[in-house]
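**Student:** Handing you this structure, nothing more for now.
The values are calculated or read from the model by the stated rules, or taken from the named source; none is laboratory data. Owing to the predicted nature of the structure, the values given are computational and were not obtained by experimental measurement. A quick note on method: Cβ atoms are made from the backbone with ideal geometry, for glycine too, and the neighbour counts reach across all protein chains shown. Just the protein is used for accessible areas: all its heavy atoms, side chains included, with ligands, DNA and RNA removed. Shrake-Rupley method; radii C 1.70, N 1.55, O 1.52, S 1.80 Å.
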Amino acid sequence: MLRVHFTGLDLARLRLAGDPDALWETVLSLHRLRDKQGESIFGDWRSETRTRLNGETRLLAPLVPSRGYFPDFLTPPEGVLGLDSGMQALRETPGERVHRELGRLSTARTLPAWIRSMAEGDDRAFAKLTGALQAYHEAAIAPYWQHIQAQIEADRAVRGRALLDGGADALLSSLPPMMRWRAPVLEADYPVDRDVHLNGRGLLLVPSFFCRRTPVTYRDPDLTPVLVYPARHMSESAPAVQTAPRSLGKLVGHTRSAVLGSIGGGCTTSELARRVGVSAASASQHAGVLREAGLVLTLRNGSAVMHTLTPLGAALLRGGHRTTQLAPRPPQPSIPERSTPATMLQSPGG
């Protein structure tokens, strides 16, 4: 079990990442590519991604094994700013840190010669790593980025509403069921027994599309505290190619146009009904039609229902730009959260 210990200052400094983290998604997706679970969620993504790969998985596998530790330096905090920022931070990793963290890998398994060279400061070997990571991201993550963003934004809407309604205590209580808030400690299912003391540094919560079963954190306790947790997958996704027309009202009708415009950054069905001036049943029906068209995502969290726009829905409101999206096949509503892959995602310490 993982136990994250909060102080009052840590609760005041609790944050929720504004966007998916490009490098966490890249690294965690390597687990999903190699396991065989969650077929309804990841099956199409696996088959499509494998057709675009050119040996990157074979190179990266020793650094990101199916189980256990992988180096913290692969997922710098700058990854939440996008791939370019994350890769730049990765390239600037001090050699001493690379040597130390790769040394933890070598105690559990024999590493290929190029990784041993990288540990000893070989710049060409490090460039091999960054090149493989970039190429893998372009094959496995970039074509699906809008879909990933939409799923993360829907999860954030639920967490944000909890924060507004009940503060940090409600936000921590709203996290997925593998995490349990028992103030002042956040407990989580974890493959080893570990305590993390925040000591006033706060905590950054990062919802992740490819994180499954258990949250993930850094092995090194001196790094900025981060907890990556599984975002709940939606049951809907946008179609492959859509064109937003110039006249939204003529396309979907004025009431549904008003519903789409009223969702904004996220709202419940009752809030949507009040904004549009219709009954809750009517608002739910209109949101369902827009959801089937790939314009809206709906996330259920207990008895609450939160609607958010997909990138396609937002583009439609902006007015008529063509949007292309390749999305992994979404899960069916009947599949529970705990049925997704059970692969161990991070190290015995992180």
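**Student:** Failed condition for ASP35, given (1) in contact with a His (Cβ under 9 Å, 6 or more places away or on another chain); (2) over 21 Å from GLN151 (Cα atoms), with all others met?
**Tutor:** (1) is the only condition that ASP35 fails.
**Student:** Something else now. For a quick check of your reading of the model, give me the residue pairs whose first member lies in the range 34-53 and is open to solvent by less than 70 Å² (accessible area, probe 1.4 Å), whose second is charged (D, E, K, R) and in a loop (DSSP other than H, G, I, E, B), with beta-carbon atoms closer than 8 Å and at least 6 apart or on different chains.
**Tutor:** GLY38/ARG212; SER40/ARG329; ILE41/ARG329; GLY43/ARG329; ASP44/ARG329; TRP45/ARG329
**Student:** Which condition from (1) closer than 20 Å to ALA139 by Cα; (2) modelled with pLDDT under 95 is the one that LEU105 breaks?
**Tutor:** Looking at each condition in turn, LEU105 falls short on (1).
**Student:** Please go through the range 313-322 and pick out each residue that is at pLDDT 75 or above and surrounded by fewer than 24 Cβ atoms within 10 Å (Cβ to Cβ).
**Tutor:** The one that is at pLDDT 75 or above and surrounded by fewer than 24 Cβ atoms within 10 Å (Cβ to Cβ): ALA314.
**Student:** Next question, about the same structure. Limited to the range 148-172, what total is found for residues that are open to solvent by less than 30 Å² (accessible area, probe 1.4 Å), modelled with pLDDT under 90, touching a strand residue (DSSP E or B) at 6+ places or on another chain (Cβ under 6 Å) and not small (Gly, Ala, Ser)?
**Tutor:** 4
**Student:** Mind counting the residues in the range 173-188 that are under 18 Å from the mean Cα position of the chain (by Cα) and not hydroxyl-bearing (Ser, Thr, Tyr)? Give the steps one after another, and end with the answer.
**Tutor:** Step one: filter the range 173-188 for residues under 18 Å from the mean Cα position of the chain (by Cα), giving 174-179, 188.
Narrowing the set further to residues that are not hydroxyl-bearing (Ser, Thr, Tyr) leaves 175-179, 188.
Going through the range 173-188 one residue at a time, the tally reaches 6.
**Student:** Anything in the range 268-302 that is outside any helix (DSSP H, G or I) and either surrounded by 14 or more Cβ atoms within 10 Å (Cβ to Cβ) or in contact (Cβ under 8 Å) with a residue 40 or more places away in the chain (or both)? List them, or say none.
**Tutor:** So the first thing to find is which residues in the range 268-302 are outside any helix (DSSP H, G or I), and the list is 268, 277-279, 293-302.
Passing the criteria: THR268, VAL278, ALA293, GLY294, LEU295, VAL296, LEU297, THR298, LEU299, ASN301.
**Student:** If a residue has to be closer than 17 Å to TRP24 by Cβ and either without any contact (Cβ under 8 Å) to a residue 24 or more places away in the chain or buried (at least 17 other Cβ atoms within 10 Å of the Cβ) (or both) to count, how many in the range 86-131 make the cut?
**Tutor:** 8
**Student:** Taking the range 173-183 as the search range and keeping residues that are surrounded by 14 or more Cβ atoms within 10 Å (Cβ to Cβ) and in contact (Cβ under 8 Å) with a residue 40 or more places away in the chain, which one is farthest from LEU11 (Cα to Cα)? Please lay out each step first, then the result.
**Tutor:** As a first pass, look at the range 173-183 and keep what is surrounded by 14 or more Cβ atoms within 10 Å (Cβ to Cβ): 173-176, 178-181.
Filter once more, keeping what is in contact (Cβ under 8 Å) with a residue 40 or more places away in the chain: 174-176, 178-179.
Details: SER174: 15, LEU175: 15, PRO176: 18, MET178: 20, MET179: 16 Å.
In this case the residue turns out to be MET178.
**Student:** Let me ask you something else. May I ask you to verify whether LEU309 is at pLDDT 75 or above and in contact with a strand residue (DSSP E or B) (Cβ under 8 Å, 6 or more places away or on another chain)? Before the answer, list the steps.
**Tutor:** Working: at pLDDT 75 or above: yes; in contact with a strand residue (DSSP E or B) (Cβ under 8 Å, 6 or more places away or on another chain): yes.
Yes; evaluated as a whole, the condition is true for this residue.
**Student:** Given the options THR269, THR298, name the one that is within 26 Å of the chain's Cα centre (by Cα), more than 22 Å from GLN146 (Cβ to Cβ) and modelled with pLDDT of 80 or more.
**Tutor:** Values: THR298 fails: more than 22 Å from GLN146 (Cβ to Cβ).
That would be THR269, the only listed residue that is within 26 Å of the chain's Cα centre (by Cα), more than 22 Å from GLN146 (Cβ to Cβ) and modelled with pLDDT of 80 or more.
**Student:** Could you list, in sequence order, all residues of the range 184-217 that are open to solvent by less than 10 Å² (accessible area, probe 1.4 Å) and closer than 19 Å to ASP19 by Cβ?
**Tutor:** GLY202, LEU203, LEU205, VAL206, PRO207, SER208, PHE209, PHE210, CYS211, PRO215, VAL216
**Student:** Still on this structure: Would you be able to tell me the number of residues in the range 54-67 that are in a helix (DSSP H, G or I) and open to solvent by 60 Å² or more (accessible area, probe 1.4 Å)?
**Tutor:** Filtering the range 54-67 down to residues in a helix (DSSP H, G or I) leaves 56-60.
Subsequent filtering for residues that are open to solvent by 60 Å² or more (accessible area, probe 1.4 Å) retains 58.
Residues in the range 54-67 being in a helix (DSSP H, G or I) and open to solvent by 60 Å² or more (accessible area, probe 1.4 Å): 1 in total.
**Student:** Report, by residue number, each residue of the range 124-178 that is among the aromatic types (Phe, Trp, Tyr) and farther than 29 Å from LEU90 by Cα.
**Tutor:** Within the range 124-178, the subset among the aromatic types (Phe, Trp, Tyr) is 126, 136, 144-145.
None - no residue of the range 124-178 is among the aromatic types (Phe, Trp, Tyr) and farther than 29 Å from LEU90 by Cα, so the list stays empty.
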